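Structure, as structure tokens:
The values are calculated or read from the model by the stated rules, or taken from the named source; none is laboratory data. Just so we're clear, the structure is a prediction, and the values are computed from it rather than from any experiment. Ideal geometry is used to build each Cβ from the backbone, glycine not excepted, and the neighbour counts take in all protein chains shown.
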Amino acid sequence: MLLALDTATRFASFALHDGRAVRYEMTWEAGRQHTTQLMPRVVEALEELEARPEALSAVAVALGPGSFTGLRVGIAVAKGLALARGIPLIGVPTLDILAAAQEQDRRLLLAVLQAGRGRLCVARYRWRRGWQRRDDPFLATWESLFADLTAPILLCGEVDEKGLRLAEERGDLVTVLPPARCLRRAGFLAELAWERLRRGETDDPATLAPLYLQFPTDMR
């Protein structure tokens, strides 16, 4: 059974996935309490499934972008479990998890996270037998994100009041997806990780590092 952990932002999520189905999933607003809340809830989930820690066969973790502290917690726990149990470790970019939850569409998909001080972490995706990221995640503002739009886009993730207002001003050019589709769920992280496992792709606990965004990039 694969354990998927996402503590990249104030929202935390984990899932237990046996390769065929999500056996358990929990998503909640953890604030800055990831350290104290995460593992007790994972232990409780295993107990409810009547599964022992030895049942874990792999661990996946959201790599970022995200908050410095949140990412450190999730990656440290994932590395510790992988090393202690001798099981594979798989890192998945945070915004890929958001994209994986969306239905097929011909429009460009933008997944966003709040980065503080009016900035956003953004990644762009096109549907090619699944959502494929077009380029590396980058930092932006709502103004730069919507500047010079000429084709309709889909928007998902942490869309605040300012983002909703500016999106509405762009009319049919911007479609903000419903709140349930804007919430990161570790079940999708688990499915992305299983895809990598089946291809024989894993990460080295000694070298796996968080993905932080440092410098803004424009939309051109």
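Considering only the stretch 52-66, I want to know if a residue exists there that is polar (S, T, N, Q), out of contact with any helix residue (DSSP H, G or I) (no Cβ under 7 Å at 6 or more places or on another chain) and within 16 Å of Leu113 (Cβ to Cβ). Steps first, answer last, please.
Of all residues in the stretch 52-66, those polar (S, T, N, Q) come to 57.
Going one step further and asking which of them are out of contact with any helix residue (DSSP H, G or I) (no Cβ under 7 Å at 6 or more places or on another chain), we end up with 57.
Within this subset, residues satisfying the condition of being within 16 Å of Leu113 (Cβ to Cβ) are none.
The answer is no, given that none of the residues of the stretch 52-66 is polar (S, T, N, Q), out of contact with any helix residue (DSSP H, G or I) (no Cβ under 7 Å at 6 or more places or on another chain) and within 16 Å of Leu113 (Cβ to Cβ).
Going by the structure shown, is Gly187 crowded, with 20+ Cβ neighbours inside 10 Å, modelled with pLDDT of 95 or more and closer than 18 Å to Cys121 by Cβ? I'd like the intermediate steps shown before the answer.
On the way: crowded, with 20+ Cβ neighbours inside 10 Å: yes; modelled with pLDDT of 95 or more: yes; closer than 18 Å to Cys121 by Cβ: no.
No, not satisfied.
All but one of (1) in contact with a helix residue (DSSP H, G or I) (Cβ under 9 Å, 6 or more places away or on another chain); (2) assigned to a helix (DSSP H, G or I); (3) not polar (S, T, N, Q) hold for Glu47; state the number of the condition that does not hold.
Every condition holds for Glu47 apart from (1).
Output yes when any residue across the stretch 171-190 is outside the structural domain of Thr7 (by TED's automatic domain parsing), part of a loop (DSSP other than H, G, I, E, B), closer than 20 Å to Asp105 by Cβ and among the small types (Gly, Ala, Ser), and no when none is.
no
Name the residues in the stretch 14-36 that are among the charged types (D, E, K, R), outside any strand (DSSP E or B) and touching a residue at least 12 places away in the same chain (Cβ under 8 Å), would you?
Result: Asp18, Arg32.
Taking the conditions exactly as written (among the small types (Gly, Ala, Ser), in a helix (DSSP H, G or I) and modelled with pLDDT of 95 or more), does Ala60 satisfy them or not?
no
Of everything in the stretch 1-24 that's surrounded by fewer than 18 Cβ atoms within 10 Å (Cβ to Cβ) and of a type in the set (D, E, K, R), which residue is nearest to Ala76 (Cα to Cα)?
Taking the candidates together, the pick is Arg10.
For Ala8, state whether it is in contact with a Pro (Cβ under 8 Å, 6 or more places away or on another chain), modelled with pLDDT of 95 or more, within 17 Å of Ile97 (Cα to Cα) and aliphatic (A, V, I, L, M). Please lay out each step first, then the result.
On the way: in contact with a Pro (Cβ under 8 Å, 6 or more places away or on another chain): yes; modelled with pLDDT of 95 or more: yes; within 17 Å of Ile97 (Cα to Cα): yes; aliphatic (A, V, I, L, M): yes.
In short, yes.
Yes or no, residue by residue, for (1) loosely packed, with under 12 Cβ neighbours inside 10 Å; (2) within 19 Å of Thr69 (Cα to Cα); (3) over 18 Å from the mean Cα position of the chain (by Cα); (4) not aliphatic (A, V, I, L, M):
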site: Leu110; (1), (2), (3), (4): no, no, no, no
site: Arg119; (1), (2), (3), (4): no, yes, no, yes
site: Val122; (1), (2), (3), (4): no, no, no, no
site: Arg128; (1), (2), (3), (4): yes, no, yes, yes
site: Arg133; (1), (2), (3), (4): no, no, no, yes
site: Thr141; (1), (2), (3), (4): no, no, yes, yes
site: Ser144; (1), (2), (3), (4): no, no, yes, yes
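Take the residues in the stretch 80-100 that are out of contact with any Pro (no Cβ under 6 Å at 6 or more places or on another chain), of a type in the set (A, V, I, L, M) and surrounded by fewer than 20 Cβ atoms within 10 Å (Cβ to Cβ); name whichever of them is farthest from Ala190 (Cα to Cα).
Filtering the stretch 80-100 for residues that are out of contact with any Pro (no Cβ under 6 Å at 6 or more places or on another chain), of a type in the set (A, V, I, L, M) and surrounded by fewer than 20 Cβ atoms within 10 Å (Cβ to Cβ), the one farthest from Ala190 (Cα to Cα) comes out as Ala84.
Determine if the stretch 183-193 includes at least one residue that is under 18 Å from Val112 (Cβ atoms), of a type outside the set (A, V, I, L, M, F, W, C) and either without any contact (Cβ under 8 Å) to a residue 12 or more places away in the chain or out of contact with any Pro (no Cβ under 8 Å at 6 or more places or on another chain) (or both).
Scanning the stretch 183-193 turns up at least one residue that is under 18 Å from Val112 (Cβ atoms), of a type outside the set (A, V, I, L, M, F, W, C) and either without any contact (Cβ under 8 Å) to a residue 12 or more places away in the chain or out of contact with any Pro (no Cβ under 8 Å at 6 or more places or on another chain) (or both).
When you check Ala151 against the structure, is it part of a loop (DSSP other than H, G, I, E, B) and modelled with pLDDT of 95 or more, yes or no?
Considered against the rule, which asks whether it is part of a loop (DSSP other than H, G, I, E, B) and modelled with pLDDT of 95 or more, Ala151 comes out as yes.
Could you check, for the stretch 57-72, whether at least one of its residues is in contact with an Asp or Glu (Cβ under 7 Å, 6 or more places away or on another chain), touching a residue at least 40 places away in the same chain (Cβ under 8 Å) and not polar (S, T, N, Q)?
Yes: one or more hits.
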